[in-house]
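Below is one structure, written out as structure tokens; the observations come after it.
The values are calculated or read from the model by the stated rules, or taken from the named source; none is laboratory data. As the structure is a prediction and not an experimental result, all values here were calculated from the model. In this analysis, Cβ positions are derived from the backbone assuming ideal geometry, glycine residues included, and neighbour counts consider all displayed protein chains.
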Amino acid sequence: GGFRLKREGSKECAINIGLHLAHSPTRYSLKKSPALAKLLKWERGTWSSLLLAFWAYVREQGLQDEANAVMVKLDEPLQKVFEDARIPMTQVGERLLEFVSEVDPVRLDYTLCLSGEAKPAVFEVAVEAEAPIVSSMRAFLDLGQQRGEREECERLDAEMSSLVREIEDRRHRRDFMKSFADQPISFLHDITTAMSLDLSTIRSTAPSQFAALSSEEVLRAQTWQQPWTEEAVLQYLAMHGHAVNLHMEDVLTEEDAILFAQSAIAAAGASQAVHNGEIPAAQEAQYRASLLAQATPPAQPG
């Protein structure tokens with residue numbers, strides 16, 4: 001973060017910037033009484049730390065009145081500060097308030113140049129912060145009250161993680177379908193090319209009739225009309241996170257997956273036939289439909 005300073009004119013000038021830090025809890029100093037700060041070995045800090053420093057001094061010097069336990073006998077250095085010989089314990093805080101003030105703001109000396117390019121400056125400011133162990137102790141003391149809130153936060157974190165995973169899955173699925181809708185020919189060409197590279201791995205442990213295809217066989221439309229192609233497409237899509245998980249309720253059914261695979265195979269075969277000059281481009285749609293009809297099994301009689 002930062003801020004800008006502007007001033008009309010052409011002469012540079014020295015300015016003093018005061019930054020009042022928002023301490024929580026509020027911090028005080030004993031700048032009004034250096035003598036008291038020296039006695040208590042306390043210059044600035046929170047109000048509670050000042051009271052602790054005062055009572056520590058009282059205990060060390062044995063200043064509590066034995067005859068009247070509610071009174072504090074002041075030694076000579078304290079008498080010079082408070083101008084009194086005895087102070088009731090109930091008035092200690094009130095008397096200390098006479099000497100405390102809020103800590104001074106952070107002062108930054110800066111020369112404001114009103115000609116030429118702007119000259120940014122960076123200042124390092126030391127800020128007092130609560131010790132980590134104090135925060136840990138406070139958290140431990142509040143553990144009972146925070147247990148219910150922590151459990152609720154953990155539940156919400158788990159719910160958010162689940163939603164993030166679901167969003168990611170749906171994004172992959174959407175990207176997959178959008179790529180197919182935008183450029184179906186190039187998309188199917190890419191997917192069939194990748195399929196041919198994966199087939200050797202997929203079928204490495206399968207029977208011999210599923211051996212790796214040669215580059216010439218890959219280019220033949222008949223190759224992709226064999227019975228094993230449907231399973232190969234489904235396995236490929238499943239490996240890449242886009243396919244249809246037949247065991248999940250929110251994805252495609254097996255029939256839908258097979259139909260999609262058959263459509264992909266038919267489109268790839270028609271595209272390859274046009275590419276090889278086997279059919280004119282104008283007949284690609286008709287040829288694709290015929291391939292799909294050949295790959296689709298006839299309906300079983302009811």
Check: Which members of the range 90-108 meet the condition of being β-branched (Val, Ile, Thr) and under 24 Å from residue 21 (Cα atoms)?
Finding: 100, 103, 106
Next item on the list: Working only within the range 68-82, note down all residues that are more than 22 Å from residue 47 (Cα to Cα) and either assigned to a loop (DSSP other than H, G, I, E, B) or touching a helix residue (DSSP H, G or I) at 6+ places or on another chain (Cβ under 6 Å) (or both).
Entry: 68, 69, 75
Checklist line | Those residues of the range 14-54 which are under 30 Å from residue 112 (Cα atoms) and touching a residue at least 12 places away in the same chain (Cβ under 8 Å), in sequence order | finding: 14, 15, 16, 17, 18, 19, 20, 21, 23
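Each row is one residue, and each column tells you yes or no for (1) outside the structural domain of residue 117 (by TED's automatic domain parsing); (2) within 30 Å of residue 125 (Cα to Cα).
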{"position": "7", "(1), (2)": "yes, yes"}
{"position": "73", "(1), (2)": "no, no"}
{"position": "79", "(1), (2)": "no, no"}
{"position": "97", "(1), (2)": "no, yes"}
Next item on the list: Spot the failing condition for residue 63; the list is (1) exposed (fewer than 15 other Cβ atoms within 10 Å of the Cβ); (2) in contact with a Leu (Cβ under 8 Å, 6 or more places away or on another chain), and only one is missed.
Entry: (1)
Notebook entry, point to check: Would you say residue 99 is surrounded by 10 or more Cβ atoms within 10 Å (Cβ to Cβ) and part of a loop (DSSP other than H, G, I, E, B)?
Noted result: yes
Next item on the list: Select from the range 7-46 the residues that are modelled with pLDDT of 85 or more and at positive phi and list them in ascending order.
Entry: 41, 45
